[in-house]
Amino acid sequence: MTAQHGHDEHAGHPQPAEYIKIAVVLTIITAIEVALFYIGEAKDGAGHRMIAEGLVTTAIMVLSALKFAIVVMWYMHLKFDHKLFSYFMVGGLALAGLVMLALLALLPILHLGSEL
Amino acid sequence: MSSVSHSAEHATTTGIDHRKLLIWAFLGSDCLFFGSLIATYMIYRGKSIDCPLPHQIYDIPYTSISAFVLLMSSLTMVLALAAIQRGDHKGLRVWLVSTGMLGLVFLGGQFYEFTTFVHEGLTLSGNLFGSTFFVLTGFHGAHVTVGVMILFSLVLVSMRGGIPASDSLTVELAGLYWHFVDIVWIVLFALVYLVPSPVPNIECAQAAVAH
């Protein structure tokens, strides 16, 4: 890899000002996540949650996935780098998802529910 | 090392540097590692038959600050990379030290959190929540520790003139590992701390610690 080649590799990478803007976006999303947590905890006079738990969980998960994608695409440069790196990341995530599904499927078979 | 020998060393059939390919292969495999630990934590959520439980001991404002600190360390890491790419060696060291210090702040926060939890009765072998929580977040902390060591090693190498601007890839590889540690925490912060956990139908003898 020559210095010129190395320079070309980084030609599409964001500049420091853009990195800072991304950090601000990530901070705002984190603040929204935490706010959602407290909104989800809020209860009415009868002790019931004011917002459905599933709605709060979904919103937090979506925001978390958004933060994940922003860091991977811009800070880890997958948006600008060779596609092969994306395949490694997506492949790893897909396999991790399969591992999770396998473990979830094993749980009832092993009868590890409330007995532990 | 001359630029000619450097060029020959990294010439590959794919045109991609082997080191970068290797770090991405490692990060992909590490997804499996954390995937297994996260799945285990999620499966056993709300299955503890002994206290304390998550909602009794979590300190969300405190953990939110830790999450913010780690997010900002990703910013300082990319600023370190940008600095070396424009040949600014002093800037590289400043941002690498900043990243390492933020990592140390996160680790200190985690140490304090673990200590507090143990004092409140949550131990590695006390209940399912304790076992899965400490293993999952502890392994993440171990990754952060390795990352901090890499960062300060890079600072030392840089001070000896070992990172020329033409070889910014060395910093980029360290950065990829550091950002991976950050994205794992993004997932853990949401799943472990923020997503409401089912509360098992058990009576807790000790008073719940309100934060």
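The values are calculated or read from the model by the stated rules, or taken from the named source; none is laboratory data. Note that the structure is a prediction, hence the values are computed from the model and not measured. All Cβ positions, glycine included, derive from the backbone under ideal geometry; neighbour counts span all protein chains shown. Quick note on the areas: whole protein, heavy atoms, side chains included, nothing else; ligands and nucleic acids left out. Shrake-Rupley method; radii C 1.70, N 1.55, O 1.52, S 1.80 Å.
Of the numbered conditions (1) open to solvent by 50 Å² or more (accessible area, probe 1.4 Å); (2) in a loop (DSSP other than H, G, I, E, B); (3) more than 14 Å from every other protein chain (Cβ to nearest Cβ), B:Phe152 fails exactly one; give the number of that condition.
The single condition B:Phe152 does not satisfy is (2).
Please go through the stretch A:82-91 and pick out each residue that is assigned to a helix (DSSP H, G or I) and either out of contact with any Phe, Trp or Tyr (no Cβ under 9 Å at 6 or more places or on another chain) or more than 7 Å from chain B (Cβ to nearest Cβ) (or both). It would help to see each step written out before you state the result.
Residues of the stretch A:82-91 assigned to a helix (DSSP H, G or I): A:83-91.
Selection gives A:Lys83, A:Ser86, A:Tyr87, A:Val90, A:Gly91.
Suppose the filter is at pLDDT 95 or above, of a type in the set (A, V, I, L, M, F, W, C) and closer than 19 Å to A:Pro16 by Cβ; does B:Leu173 pass it? Lay out the reasoning, then the answer.
On the way: at pLDDT 95 or above: yes; of a type in the set (A, V, I, L, M, F, W, C): yes; closer than 19 Å to A:Pro16 by Cβ: no.
Criteria not met by B:Leu173.
Can you go through A:Ala17, A:Ala46 and tell me which one is more than 7 Å from chain B (Cβ to nearest Cβ) and either part of a helix (DSSP H, G or I) or polar (S, T, N, Q) (or both)?
A:Ala17
Within the stretch B:46-71, which residues are under 17 Å from A:Leu26 (Cα atoms) and either open to solvent by less than 40 Å² (accessible area, probe 1.4 Å) or not in a helix (DSSP H, G or I) (or both)?
Across the stretch B:46-71, the qualifying residues are B:Thr63, B:Ser64, B:Ser66, B:Ala67, B:Val69, B:Leu70, B:Leu71.
Against the condition outside any helix (DSSP H, G or I) and either facing chain A (nearest Cβ under 7 Å) or buried (at least 19 other Cβ atoms within 10 Å of the Cβ) (or both), how does B:Pro200 come out, does it pass? Talk me through it step by step, then tell me what you get.
On the way: outside any helix (DSSP H, G or I): yes; either facing chain A (nearest Cβ under 7 Å) or buried (at least 19 other Cβ atoms within 10 Å of the Cβ) (or both): no.
So B:Pro200 fails the test.
Quick one: which residue in A:Leu55, A:Leu95 is at negative phi and loosely packed, with under 15 Cβ neighbours inside 10 Å? Let's see the steps before the verdict.
Numbers: A:Leu95 fails: loosely packed, with under 15 Cβ neighbours inside 10 Å.
Unique residue meeting the criteria: A:Leu55.
Within the stretch B:108-123, does at least one residue satisfy the condition of being surrounded by 21 or more Cβ atoms within 10 Å (Cβ to Cβ), modelled with pLDDT of 95 or more and over 28 Å from B:Ile49 (Cα atoms)?
Looking through the stretch B:108-123, none of the residues is surrounded by 21 or more Cβ atoms within 10 Å (Cβ to Cβ), modelled with pLDDT of 95 or more and over 28 Å from B:Ile49 (Cα atoms).
Yes or no, residue by residue, for (1) in contact with a strand residue (DSSP E or B) (Cβ under 6 Å, 6 or more places away or on another chain); (2) farther than 26 Å from B:Leu173 by Cβ; (3) charged (D, E, K, R); (4) assigned to a loop (DSSP other than H, G, I, E, B):
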| residue | (1), (2), (3), (4) |
| --- | --- |
| B:Gly87 | no, no, no, yes |
| B:Leu92 | no, no, no, no |
| B:Gly100 | no, no, no, no |
| B:Phe106 | no, no, no, no |
| B:Val118 | no, yes, no, no |
| B:Leu124 | no, yes, no, yes |
| B:Phe134 | no, yes, no, no |
| B:Val144 | no, no, no, no |
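Could you please find all residues in the stretch B:167-197 being at the interface with another protein chain (Cβ under 9 Å from one of its Cβ atoms) and either of a type in the set (D, E, K, R) or more than 21 Å from A:Phe85 (Cβ to Cβ) (or both)?
The answer is B:Asp167, B:Glu172, B:Asp182, B:Phe189, B:Ala190, B:Leu191, B:Tyr193, B:Leu194, B:Val195, B:Pro196.
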